[in-house]
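These notes concern the structure reproduced below.
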Amino acid sequence: MSSSDRREFQRLSLAKPILALLDGQNALILDIGVGGAFIEHYGQPKMGDQQRLLFRWKGNDVQFLAQVRRTAIVRKTANAVVSHSGVRFVESFGDADYQLNDMMATFVGKMLAAQKANAGATEVAASATLTDLGGARRSRTRGYVTYRLQDGRWSVESSDTPTQPLNGFTVAAYENEEELESLCRQWEEADTEGRRLIRLVAELSARGAKQT
C-alpha cells in the first residue's frame, strides 16, 4: 500500500498465507491488518475496484468488501495473470470485525510470546496480557488515549482520532491503566519489530472504540 496507508495501520506478515476467495476466485492473504490486507490473486484489477474478500477463522466465514489501493502483476501463465494487491476494508459483513480482531489478537499474542520466550515466564505472561487489549471490556467511555515516550518519560493525552504515533501508541479510552502501564514497559524493552506488534495490538483496541 501507499505510505499514507501504512501510517494508518500496521499489517502482520503471515508465516503461512491464509486461503481466501476474492470475488469467488482462489486467493492467498499474505499480510493482514485491522484495516486491510495484501493479497495474491488471479486477474488484474484497477485502482479503486471493490471486491468481496472471504476467508475462514475458527470455522467462521469472515467477509469484507475490499477496495484495491495498489496492484501489480507478479507473474503470467498461459491461462492466467497473477497479481499482488493491497486492499482496504471498506465494509464488513456479519461479525467480520469481531472475527478479524480475534484472529489478529491471537496471531500477535503468539508472536509477542515467541519474542519473549527466552526472557523467562514473567515476560511471556506480560506479553500474553497485551493480547487482551483487542477484546477488552467495553464501557460508556468514548474516544482514545495516546501514549508517547519522549526523553525517557511517557506523556498521556486524550485524542479524538485513533492515529498511532511513531514514538508510542493510541488505545481506546476505556482500557485499564494497569494494563497500559504494562504496555508501556513492554514498549520500552521491545525492539523495532516488537514495538510494531505492540502498536498493532493498540490498533485492535482503538478499532473497538471506534465501533462503540
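For the stretch 165-178, give me each residue that is surrounded by fewer than 21 Cβ atoms within 10 Å (Cβ to Cβ) and under 19 Å from the mean Cα position of the chain (by Cα).
Passing the criteria: Pro165, Leu166, Asn167, Ala173.
State the number of residues belonging to the stretch 55-97 that are more than 19 Å from Gly36 (Cβ to Cβ) and touching a Lys or Arg at 6+ places or on another chain (Cβ under 7 Å).
1
Looking at Ser205, Ser159, which one is of a type in the set (Ser, Thr, Tyr), surrounded by 12 or more Cβ atoms within 10 Å (Cβ to Cβ), modelled with pLDDT under 85 and under 19 Å from Gly35 (Cβ atoms)?
It is Ser205.
Do any residues in the stretch 167-178 that are assigned by TED's automatic domain parsing to the domain that holds Asp191 and under 12 Å from Ala202 (Cα atoms) have Cβ atoms under 6 Å from those of residues that are aliphatic (A, V, I, L, M) and surrounded by fewer than 19 Cβ atoms within 10 Å (Cβ to Cβ), where the two are at least six apart or on different chains, and which pairs are they?
Every condition considered, the pairs that remain are Gly168/Leu149; Glu175/Ala136.
Testing Ile39 on (1) assigned by TED's automatic domain parsing to the domain that holds Ile198; (2) in contact with a Gly (Cβ under 9 Å, 6 or more places away or on another chain), one condition comes back false. Which one is that?
Going through the list (1) assigned by TED's automatic domain parsing to the domain that holds Ile198; (2) in contact with a Gly (Cβ under 9 Å, 6 or more places away or on another chain), Ile39 breaks only (1).
Among the residues of the stretch 102-137, count how many are modelled with pLDDT of 50 or more and either not assigned by TED's automatic domain parsing to the domain that holds Ala172 or not in a helix (DSSP H, G or I) (or both).
2
Give me the pairs: first residue in the stretch 8-28 and buried (at least 16 other Cβ atoms within 10 Å of the Cβ), second residue among the aromatic types (Phe, Trp, Tyr) and outside any strand (DSSP E or B), beta-carbon distance under 7 Å, and six or more apart or on different chains, which are they?
Leu12/Phe107
In the set Ser13, Ser92, Ser83, which member is of a type in the set (S, T, N, Q) and more than 18 Å from the chain's Cα centre (by Cα)?
Being of a type in the set (S, T, N, Q) and more than 18 Å from the chain's Cα centre (by Cα) holds for just one of Ser13, Ser92, Ser83, which is Ser83.
Take the stretch 40-74 and flag every residue that is within 20 Å of Tyr98 (Cα to Cα) and in a loop (DSSP other than H, G, I, E, B).
The answer is Lys58, Gly59.
Scan the stretch 75-90 for residues that are assigned to a strand (DSSP E or B) and among the small types (Gly, Ala, Ser) and jot them down.
Ser83, Ser85, Gly86
The values are calculated or read from the model by the stated rules, or taken from the named source; none is laboratory data. Nothing here was measured: the structure is a model prediction, and the numbers come from that model. Because the Cβ atoms are built from the backbone with ideal geometry, glycine has one as well, and the counts that use them run over all protein chains shown.
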